[in-house]
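> Here's a structure for you.
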Amino acid sequence: MKIVIVGGGAGGLELATKIGRKLGKSQQAEVVLIDRNQTHLWKPLLHKVATGALDAEVEGVSYRAHGHNNGYTFKLGELTGVDPERKCIQLKPAVNAEGEEFLPAREEAYDYLVLAIGSVANDFGIPGVSDHCVLLDRLAHANRLQQRLLEKFIGLNRELSKGAAERMLRVAIIGGGATGVELSAELYKAREELVKYGMKHVTPEHMQVTLIEAGPRLVPQLDNNISQRAEQELTRLGVTVKTNTQVKRADKGGFVTSDDGFIESDIMVWAAGVKAPDFLPQMGHFEFNRANQILVKPTLQTSRFDDVFAMGDCAGLQIEASDGQLRWVPARAQSAHQMADTVGHNLLRLIKSQPLVEFTYKDMGSLVSLGEYNAFGRLMGGLARGGLSVRGRIARWLYISLYRMHQSAIYGWPRTVLITINDRFNHWLRPRLKLR
Ligand SMILES: Cc1cc2nc3c(=O)[nH]c(=O)nc-3n(C[C@H](O)[C@H](O)[C@H](O)COP(=O)(O)OP(=O)(O)OC[C@H]3O[C@@H](n4cnc5c(N)ncnc54)[C@H](O)[C@@H]3O)c2cc1C
């Protein structure tokens, strides 16, 4: 039996590890993981890579080596189509940086297929976003943002050294969700560190961050008081927070708002929501929701094909919330993690011809980290049954432990403990900013 998983992200890599160890190593099934990249980086770390707080080269997991140790085979490839009738997927040719094709267009056959290709930024059809904004969907975007920051700072330093008039480097971030809030705080940490990198003429005050949110408050998925605290803390750092501000167009040099205001910006970042990739609905075959997510049954099998599963950000499943309303499972790392568990169980059950289990989403709460400054959140489930607000060191520790849980799923706890100790040493030994 051959199980093909496409997408080695927060959910896909955990699943490949789990069933690779259980089925691949014992040769009960051939487990193949396909990703368009050679290495895995946990997506919630992207804003830290973008600001140089984290070195993606150190943190990245090589799929090939990891697969060798965990009973699955890694294949490089970018999915372009699925043919459920012929039970195969199509991958586009792989091209190197010089434009040379080193792998042709290929097909990969499967007995069971798991689609776990995540999400992309949703520009909601607003003109100019793809031309002028940096996104935070993948490592290449985070590296690009880091490069832009560094280049702008180097340029400003040179201008000021030649006696040019004082001016600010303006960064505007659209989207006051967790990503926008966390990125704003990390940028403030970065600006303090950047000036220590031999740029004698710039000071932290030369960078101004504006965070723009269409709704009435930041991080709307969290309690009102947590939103307020996040806004107060960001304002204290120096971020200009603009809520109830709708952007209608992105132009060169800034954003045009719905009341025809103009927010000038040297670096424009779009972090205003996600959708599953556009090519999915274009491919046909499956049923989709408005966010392009593939509709799945509670077993996480796609609504039309029992031998194709979808999970994580690209899967659409409605669940009954505590208020009785039907809501989509949120596109979050904890959903991908929980779905990987269910799909893993179900693949094992299929092999043993046992009935499949249904996915139940356990909301463990939400946390938002303001880098080294603060963290806030609300825990749910377990001892915090009615919801428990956390902040400060405890919230920061819990936030970091989410990543440790992901690491433990792919490395096991003993190695995760060693990695954690190693990270502590690196924190003392290596420069705070890992700029490339
Ligand atoms: C900056 C940032 C901060 C975040 N912070 C948090 C947080 O604090 N808490 C939280 O719960 N969630 C957070 N999220 C959301 C979280 O990262 C996602 O919900 C989670 O990663 C989804 O997991 P996934 O496995 O569905 O997809 P992903 O982790 O995105 O993985 C998708 C994988 O598929 C691969 N892929 C994509 N397209 C193709 C293709 N066509 N062919 C082959 N491979 C493909 C990608 O390379 C990637 O490896 C954050 C997201 C961002 C961007």
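> Go through (1) within 11 Å of Gly9 (Cα to Cα); (2) modelled with pLDDT under 95 one by one and return the number of the condition Glu57 breaks.
Going through (1) within 11 Å of Gly9 (Cα to Cα); (2) modelled with pLDDT under 95 one by one, Glu57 breaks only (1).
> What about Val4, is it within 12 Å of the ligand (Cβ to nearest atom) and either within 23 Å of Ile351 (Cα to Cα) or not in a strand (DSSP E or B) (or both)? Can you show your working first?
Working: within 12 Å of the ligand (Cβ to nearest atom): yes; either within 23 Å of Ile351 (Cα to Cα) or not in a strand (DSSP E or B) (or both): yes.
In short, yes.
> Next up: Assess whether Gly412 counts as being touching a residue at least 60 places away in the same chain (Cβ under 8 Å) and small (Gly, Ala, Ser).
Values: touching a residue at least 60 places away in the same chain (Cβ under 8 Å): no; small (Gly, Ala, Ser): yes.
So Gly412 fails the test.
> Considering only strands (runs of 3 or more DSSP E) fully contained in the stretch 339-436, which possess at least 2 residues that are of a type outside the set (Asp, Glu) and over 20 Å from the mean Cα position of the chain (by Cα)?
374-381, 384-391
> Scan Ala16, Ala10, Ala29, Ala97 and give me the residue that is surrounded by fewer than 18 Cβ atoms within 10 Å (Cβ to Cβ) and more than 30 Å from Val195 (Cβ to Cβ). Give the derivation first.
On the way: Ala16 fails: surrounded by fewer than 18 Cβ atoms within 10 Å (Cβ to Cβ); Ala10 fails: surrounded by fewer than 18 Cβ atoms within 10 Å (Cβ to Cβ); Ala29 fails: surrounded by fewer than 18 Cβ atoms within 10 Å (Cβ to Cβ).
Step by step, each of Ala16, Ala10, Ala29, Ala97 is checked, and only Ala97 is surrounded by fewer than 18 Cβ atoms within 10 Å (Cβ to Cβ) and more than 30 Å from Val195 (Cβ to Cβ).
> In the stretch 166-207, what residues are away from the ligand (no atom under 16 Å from the Cβ) and either surrounded by 24 or more Cβ atoms within 10 Å (Cβ to Cβ) or hydrophobic (A, V, I, L, M, F, W, C) (or both)?
Matches in the stretch 166-207: Met168, Leu169, Ala172, Arg191, Leu194, Val195, Met199, Val202, Met207.
> Right, Leu139: outside the structural domain of Ala310 (by TED's automatic domain parsing), aliphatic (A, V, I, L, M) and farther than 26 Å from Ile263 by Cα or not?
Details: outside the structural domain of Ala310 (by TED's automatic domain parsing): yes; aliphatic (A, V, I, L, M): yes; farther than 26 Å from Ile263 by Cα: yes.
Answer is yes for this residue.
> Separate question: Considering only residues of the stretch 255-311 that are in contact (Cβ under 8 Å) with a residue 40 or more places away in the chain and among the small types (Gly, Ala, Ser), which is farthest from Glu182 (Cα to Cα)?
This residue is Ala310.
> Among the residues of the stretch 330-350, are any of a type in the set (S, T, N, Q), more than 12 Å from the ligand (Cβ to nearest atom), at pLDDT 90 or above and buried (at least 16 other Cβ atoms within 10 Å of the Cβ)? Break it down into steps so the answer makes sense when it comes.
Let us first name the residues in the stretch 330-350 that are of a type in the set (S, T, N, Q), namely 334-335, 338, 342, 346.
Subset that is more than 12 Å from the ligand (Cβ to nearest atom): 342, 346.
Filter once more, keeping what is at pLDDT 90 or above: 342, 346.
If we keep only those that are buried (at least 16 other Cβ atoms within 10 Å of the Cβ) as well, we get 342, 346.
Taking every residue of the stretch 330-350 in turn, at least one turns out to be of a type in the set (S, T, N, Q), more than 12 Å from the ligand (Cβ to nearest atom), at pLDDT 90 or above and buried (at least 16 other Cβ atoms within 10 Å of the Cβ).
> Of the residues in the stretch 144-165, how many are of a type in the set (S, T, N, Q) and surrounded by 15 or more Cβ atoms within 10 Å (Cβ to Cβ)? I'd like the intermediate steps shown before the answer.
Step one: filter the stretch 144-165 for residues of a type in the set (S, T, N, Q), giving 146-147, 157, 161.
Restricting the remaining residues to those that are surrounded by 15 or more Cβ atoms within 10 Å (Cβ to Cβ) gives 146, 157.
Number of matching residues: 2.
To keep it simple, each residue is scored yes or no on (1) of a type in the set (D, E, K, R); (2) over 19 Å from Gly312 (Cβ atoms); (3) not assigned by TED's automatic domain parsing to the domain that holds Asn143.
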| position | (1), (2), (3) |
| --- | --- |
| Tyr72 | no, no, yes |
| Pro84 | no, yes, yes |
| Leu91 | no, yes, yes |
| Ala97 | no, yes, yes |
| Pro104 | no, yes, yes |
| Glu107 | yes, yes, yes |
| Leu115 | no, no, yes |
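> Another question about this same structure. Can you confirm whether the stretch 311-326 contains a residue that is assigned to a strand (DSSP E or B) and small (Gly, Ala, Ser)? Spell out how you get there, then give the answer.
Of the residues in the stretch 311-326, the ones assigned to a strand (DSSP E or B) are 315-316, 318-320, 326.
Subsequent filtering for residues that are small (Gly, Ala, Ser) retains 315-316.
Within the stretch 311-326 (the criterion being assigned to a strand (DSSP E or B) and small (Gly, Ala, Ser)), the answer is yes, since at least one residue qualifies.
> Select from the stretch 39-78 the residues that are in a loop (DSSP other than H, G, I, E, B) and more than 10 Å from the ligand (Cβ to nearest atom) and list them in ascending order.
Just the residues of the stretch 39-78 that are in a loop (DSSP other than H, G, I, E, B), to begin with: 41-42, 51-55, 60, 71-72, 77.
Correct list: Thr51, Gly52, Ala53, Leu54, Asp55, Gly60, Gly71, Tyr72.
> Asp307 fails exactly one of the following numbered conditions: (1) more than 25 Å from Leu218 (Cα to Cα); (2) surrounded by 16 or more Cβ atoms within 10 Å (Cβ to Cβ); (3) out of contact with any Pro (no Cβ under 6 Å at 6 or more places or on another chain). What is the number of that condition?
Every condition holds for Asp307 apart from (2).
The values are calculated or read from the model by the stated rules, or taken from the named source; none is laboratory data. No experiment lies behind these values; they were computed from the predicted model shown. Methodologically, a virtual Cβ is constructed for each residue, glycine included, from the backbone with ideal geometry; neighbour enumeration extends over all protein chains shown.
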